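Participant: Please see the structure below; I have some questions.
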């Protein structure tokens, strides 16, 4: 019985700590979720930290929420994360010389695929004629 009582007394501080990483104010929670959707999980890369289940995303979500609670603006939080992880952490990185490849790569791949398809059709037509 004493062991159970001791265990319950040791659990009281754990009950005082917030269990979920959410805000009680709906406007603040909406702001946090919107900001989390703008940040890329560097582990999953195709997902935002809002939708990723990786430990990295959980850590960054906690960091974002902590900075919001401390009164930082969305821009200050983004600037902090960009300074720490680079522009790739942003789901929409800015268009600047060091991110041109991120923005142009889809078009380059599409153009290369179109070129290969065109050459293939041209060779097939030449053989059939």
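The values are calculated or read from the model by the stated rules, or taken from the named source; none is laboratory data. A quick note: this is a predicted structure, and the numbers were derived from the prediction, not measured. Methodologically, a virtual Cβ is constructed for each residue, glycine included, from the backbone with ideal geometry; neighbour enumeration extends over all protein chains shown.
Participant: Here is a check on your reading of the model: is residue 98 within 30 Å of residue 29 (Cβ to Cβ), out of contact with any strand residue (DSSP E or B) (no Cβ under 6 Å at 6 or more places or on another chain) and part of a helix (DSSP H, G or I)? Give the derivation first.
Facilitator: Values: within 30 Å of residue 29 (Cβ to Cβ): no; out of contact with any strand residue (DSSP E or B) (no Cβ under 6 Å at 6 or more places or on another chain): yes; part of a helix (DSSP H, G or I): yes.
Considered against the rule, which asks whether it is within 30 Å of residue 29 (Cβ to Cβ), out of contact with any strand residue (DSSP E or B) (no Cβ under 6 Å at 6 or more places or on another chain) and part of a helix (DSSP H, G or I), residue 98 comes out as no.
Participant: Within the set of pairs 6+ apart or on separate chains, which have a first residue in segment 74-94 that is in contact (Cβ under 8 Å) with a residue 60 or more places away in the chain, a second that is surrounded by 14 or more Cβ atoms within 10 Å (Cβ to Cβ), and C-beta atoms under 9 Å apart?
Facilitator: none
Participant: Which residues, counting only those in segment 26-52, are touching a residue at least 24 places away in the same chain (Cβ under 8 Å) and in contact with a strand residue (DSSP E or B) (Cβ under 9 Å, 6 or more places away or on another chain)?
Facilitator: 36, 37, 38, 39, 40, 48
Participant: May I ask you to verify whether residue 88 is surrounded by 10 or more Cβ atoms within 10 Å (Cβ to Cβ), within 25 Å of residue 39 (Cβ to Cβ) and in contact with a strand residue (DSSP E or B) (Cβ under 7 Å, 6 or more places away or on another chain)? Lay out the reasoning, then the answer.
Facilitator: Working: surrounded by 10 or more Cβ atoms within 10 Å (Cβ to Cβ): yes; within 25 Å of residue 39 (Cβ to Cβ): yes; in contact with a strand residue (DSSP E or B) (Cβ under 7 Å, 6 or more places away or on another chain): yes.
Answer is yes for this residue.
Participant: While we're looking at this one, here's another question. Since residue 104 meets every condition but one in (1) surrounded by 10 or more Cβ atoms within 10 Å (Cβ to Cβ); (2) modelled with pLDDT of 90 or more; (3) outside the structural domain of residue 43 (by TED's automatic domain parsing), which condition does it not meet?
Facilitator: Looking at each condition in turn, residue 104 falls short on (2).
Participant: Is it the case that segment 32-51 has a residue that's modelled with pLDDT of 90 or more and at positive phi?
Facilitator: no
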